[in-house]
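Student: Have a look at the structure that comes next, please.
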């Protein structure tokens, strides 16, 4: 009878814990998405991208809290098995349990900030370029024209610029090779497509040496039918053909006359 009562009590405690952690995870994920939406308002961020960020953050934070709970239970069980009064008293002390719970929340938040997430969004404040990534992450993303890093998006008609994702991590490597796809979409202010290339790397299969995995580059050319004093949206997407990772760079450029 006592064992049955303890079993019901443990089951109830787990149900309460799972409900509480799921609520915490939902609140945390919602707040994170709301912050990203506020920061990147006005940019072409799809509902699917926000949904992916929400679901990935929800899953990671919830699994993290459950894992810590299981590890805590394991420590308590180990202390009881070895019959160590010191460990048993420490881990069963209510105040200590509350302290561990507080540390758990703090660790979860710090882990979300410091560890590479499964998905995320970053923005270059100088160029306004928004980079979204999933399962692979660039350390930095820059625009380069005439071998100089750009701090703006004013491009002379006829010039080329390069979108560069630096020090990319997360690509799947097979036989010391990586396989990358790259699409390029350019639209005008009305949403009309000027260029739509599904895969710029299709001719060579997108297969490169592993050492080339750190830098993913896409060269964007300007010219007719573009015109002076007009704005255009550029969307570059890289994806891992050996895996499921993606990186997408979106920005608006202004076409100017040669200074």
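Where a number appears in this text, it was derived from the coordinates with a stated rule and is not lab data. Here the structure is a predicted model, which is why all the values come from computation and not from measurement. A quick note on method: Cβ atoms are made from the backbone with ideal geometry, for glycine too, and the neighbour counts reach across all protein chains shown.
Student: When the label point is put 7 Å from the Cα of residue 157 along its Cα-to-beta-carbon vector, which residues of the range 211-245 have a backbone N closer than 17 Å?
Tutor: Residues passing the 17 Å test: 221-233.
Student: Can I ask one more? Counting only DSSP beta bridges with both residues in the range 119-256, tell me the antiparallel percent, nearest 5. Could the numbers behind the result be given before it?
Tutor: Numbers: 50 of 53 bridges.
Counting only bridges with both partners in the range 119-256, antiparallel ones make up about 95 percent.
Student: Using the basic label-point model (7 angstrom from Cα toward the beta carbon), what is the residue 34 to residue 228 distance in nanometres?
Tutor: If labels sit at residue 34 and residue 228, their model points lie 4.8 nm apart.
Student: Given Cα positions, please report Rg to Rh for the range 128-259, the hydrodynamic radius being the Kirkwood one.
Tutor: 0.99
Student: Under the 0.36 nm per residue contour assumption, what length would be gained going from the current alpha-carbon distance of residue 67 and residue 188 to full extension?
Tutor: So the chain would gain 38.7 nm between residue 67 and residue 188.
Student: List the residues of the range 167-186 whose backbone N lies under 15 Å from a point placed 7 Å from the Cα of residue 200 along the Cα-to-Cβ direction.
Tutor: Label zone hits: 180-186.
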